[in-house]
Amino acid sequence: MTEHEQCIGILRMKNESPIELDPSKTALIVVDMQRYFTQSSFPFTDVFEKIAPGVCSGYLRRVSEIVIPNIQRLLAHFRERGSSIVYTAIGSAGNDGDDLPFWLRSFDDVGVGILGSRIWPLIGDPSWEIDGALKPRPDEIVLNKLSAGAFATTDLEHRLRNHDVEYVVVTGVATDVCVSTTAREAADRNFKVVVVGDACTTFSEDLHQANIETLQSFGWIRSTETVVGITRKIQAAV
């Protein structure tokens, strides 16, 4: 057995530990499922397609055929049980994007060079809105963030504490950037974290799987079916 295989074995052993998901103390976090990231013909995917034609096809297919349907199921499940629902989005308040950190502005520089326009959308632009298939209800919040993680530049932690949330269920895009950073931030703030492996994705399936393996250090990796089953079982026992 290689060193890598031994390390992954340890992480998988940790991941097998049991978890309880009390719906009354759980928040479903839907990370950056904006039209900008879920649909073609917007600058984010356009710039990648200009650099490497076809690179977005698998990603967009997984978003449409796997991620969105699974998030829809989770939304219906947790809404029915009165759990907290939080959406995040990323966007700039100004045309120059100077409120964004350097690493995001560097993508803007690429966009200007290739497309002649910035990459990131303005807050409130139709492309900034959550995908219509996952439309938030009026009582559900959409937090705009200026960072990869949802906690660093929003009041998400304060909102979750006010609702006595102990468990966060993380979904969305992209697994290797905003999903993973949000999960790590939540874990460092002492929330019990579940990343739903079939309710998130990124541009490379291999990269997705590698990050899913790593995130076992910070919480649990579970499927949509398992998360639904756990919360039903907990609720039935109450």
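Note on the chain: antiparallel DSSP beta bridges, both residues inside, total approximately 5 percent of the bridges counted. Taking other C-beta atoms within 10 angstrom as a stand-in for reagent exposure, SER106, SER83 fall in the order SER106, SER83, fewest first. Dividing the helix sum by the residues of the chain, where each DSSP H run of 4 or more adds -39500 (n - 2.57), gives a mean residue ellipticity at 222 nm of -12000 deg cm²/dmol.
For THR201, the residues 5 or more places off, or on other chains, whose built amide H falls under 5 Å of its own are GLY172, THR175. Averaging Cα coordinates gives a centre for region 168-193 and one for region 75-92; these two points are 14 Å apart. Applying D = kT/(6 pi eta Rh) to region 101-227, where Rh is the Kirkwood radius over alpha-carbon pairs, T corresponds to 20 °C and eta to 1.002 mPa s, the Stokes-Einstein value obtained is 134 µm²/s.
Summarising the amide proton neighbourhood of ASP99: residues at separation of 5 or more, or on other chains, whose placed amide H is nearer than 5 Å comprise ALA93, GLY94. Listed peptides 227-235, 1-9 appear in the order 227-235, 1-9 once ranked by packing, highest mean of other Cβ atoms within 10 Å at the front.
Per-residue Karplus couplings for region 19-32, computed as 6.51 cos²θ - 1.76 cosθ + 1.60 with θ equal to phi - 60°, are listed in order as 9, 10, 10, 5, x, 6, 10, 10, 10, 8, 10, 9, 8, 6 Hz, Gly and Pro entered as x.
Taken over the alpha carbons of region 184-238 as equal point scatterers, the Debye sum produces base-10 log I(q)/I(0) values at 0.30 Å⁻¹ of -1.14. Mean projected area of the Cα convex hull of region 1-121, taken over all directions, amounts to 11.4 nm².
Taking Cβ atoms as reference points and 13 Å as the exclusive limit, the residues near PRO18 contribute a net charge of +2, counting Lys and Arg as +1 and Asp and Glu as -1. Counting only residues at least eight positions apart within a chain, or on another chain, the lysines with an alpha carbon under 22 Å from that of LYS25 are LYS192, LYS233. Put simply, the convex hull of the Cα atoms in region 113-188 casts, on average, a shadow of 6.6 nm².
For the chain, the relative contact order works out to 28 percent when only alpha carbon pairs closer than 8 Å and six or more residues apart are counted. One decimal place: the segment GLN6-LEU207 gains 70.4 nm when fully extended, by the rule 0.36 nm per residue minus the C-alpha distance.
Between the amide H of MET33 and those of THR88, VAL173, distances stay under 5 Å, these residues lying 5 or more places away or on another chain, with hydrogens modeled in the peptide plane. Within a straight-line Cα-Cα reach of under 21 Å, LYS145 can be paired with the following lysines, leaving aside sequence neighbours fewer than 8 residues apart in one chain: LYS135. Here the average projected area of the convex hull drawn through the C-alpha atoms of the chain stands at 13.6 nm².
Coordinate-derived values only; no laboratory data. If you're wondering where the values come from, they're calculated on a predicted model, not measured in any experiment. All Cβ positions, glycine included, derive from the backbone under ideal geometry; neighbour counts span all protein chains shown.
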